[in-house]
Every structure is written in structure tokens, then in C-alpha cells.
Amino acid sequence: MRMKIVVSLLALAVLVLLSGYTYVSASVGRRLSPSEFARFSTTIAKSVIHPHEGGASRALSLSKQALSSAPSVGSIEVKGRSYVFPLPKYAVPQEQSACRFHFLAFVSPDEMQDYFYRDLPQAGWKHVDQMGGGHFLEAHGTHMTIVQYFYLTSDISDFDVMINDCP
């Protein structure tokens, strides 16, 4: 009797996992790798407790965008000059205005550290200082500030990039 219950529970768990994989893969329009499924399904599940920010439906929508065609660079144009900077792998641009670029990204704490202390410096942006979630960089004779904070869950970060030398 006990063995039947264990087997039934295992079968149910496998069924739930496979149906979740199928649903998320169908939602984004392609087959996900196991690591992508683990990352995004966990984030979607965690976001259920944040209904005031859109919850799981918002996380699923962002997942679709991040997995479909996430750009690799962002840019801000100031006085006819374009300042280009790399974006994390699963970045989703939100809005852009004069001197400002806003995006969300699915990043782990380690990936975030790599972004600020490896990726941006490799692209020519020197990390000058940090104050809380604000990172101060400079390159090309200008100053850039990136403010990062968590959105929905600690798996999604909100980034605001600003060129400080704007008119």
C-alpha cells in the first residue's frame, strides 16, 4: 500500500513537471534547455506572491521576451553621440528616453557581479564607485550611472542606465 502511494506521488510529480515544461516551452515558442526551464519556471513560481506587480503572468510575459530575442547591447544617444553598453544575456528592454535606458533582466547574483565587474569593463566602461544599488562608471569622456534593484523576485532585476552628462 505504501509503495503504491509513493509511486503515485512520483508519477504525479513527473506529470506536473512535464506539463509545466510543455506549457513554458509552448509559451515562448521553442524547446527550452533544462537549465532555462529551471531558471524561468522557478522565477515564475516565485512571482506568484507578488500579485500587485503582475505576479506570474507578468513573469511569464517577461520570460517570453527574454527567451525570444533579447538584444545583446543597449545604447543611449546624447548630442549626436551614441554610448553603447552590453546587456546581460536575458535582458528585456522596457523604455528609452533622452539620456536614459531602462531594462529588466533575469540574472543571478553571480551574473550581476560579472556584468558590473567583467562585462562592462570589457566594453570600455570603467567601474568608478558603488553606493547601494547605484553603480558609477565612466568611459568615452562621460559618466554613466546604473541603478539596479529587484523586481518581482530576486531572480529579476530592474536596471536604469543614465548618462550623467546630459543637457
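Side notes on the structure shown:
- So F40, is it assigned to a strand (DSSP E or B) and among the hydrophobic types (A, V, I, L, M, F, W, C): no
- Where P121 falls short, out of the listed (1) in contact (Cβ under 8 Å) with a residue 24 or more places away in the chain; (2) over 26 Å from E36 (Cα atoms); (3) part of a helix (DSSP H, G or I): (1)
- Considering the range 113-167, the residues that are exposed (fewer than 15 other Cβ atoms within 10 Å of the Cβ) and among the hydrophobic types (A, V, I, L, M, F, W, C) include one that is farthest from T42 (Cα to Cα), namely C166.
- Among the conditions (1) outside the structural domain of H140 (by TED's automatic domain parsing); (2) touching a residue at least 24 places away in the same chain (Cβ under 8 Å); (3) basic (K, R), K79 misses just one, which is (1).
- The residue that is nearest to the chain's Cα centre (by Cα), among those in the range 78-118 that are outside any strand (DSSP E or B), among the hydrophobic types (A, V, I, L, M, F, W, C) and more than 24 Å from G141 (Cβ to Cβ), is V107.
The values are calculated or read from the model by the stated rules, or taken from the named source; none is laboratory data. Note that the structure is a prediction, hence the values are computed from the model and not measured. Quick reminder, even Gly has a Cβ in these numbers, built from the backbone with ideal geometry, and neighbours come from all protein chains shown.
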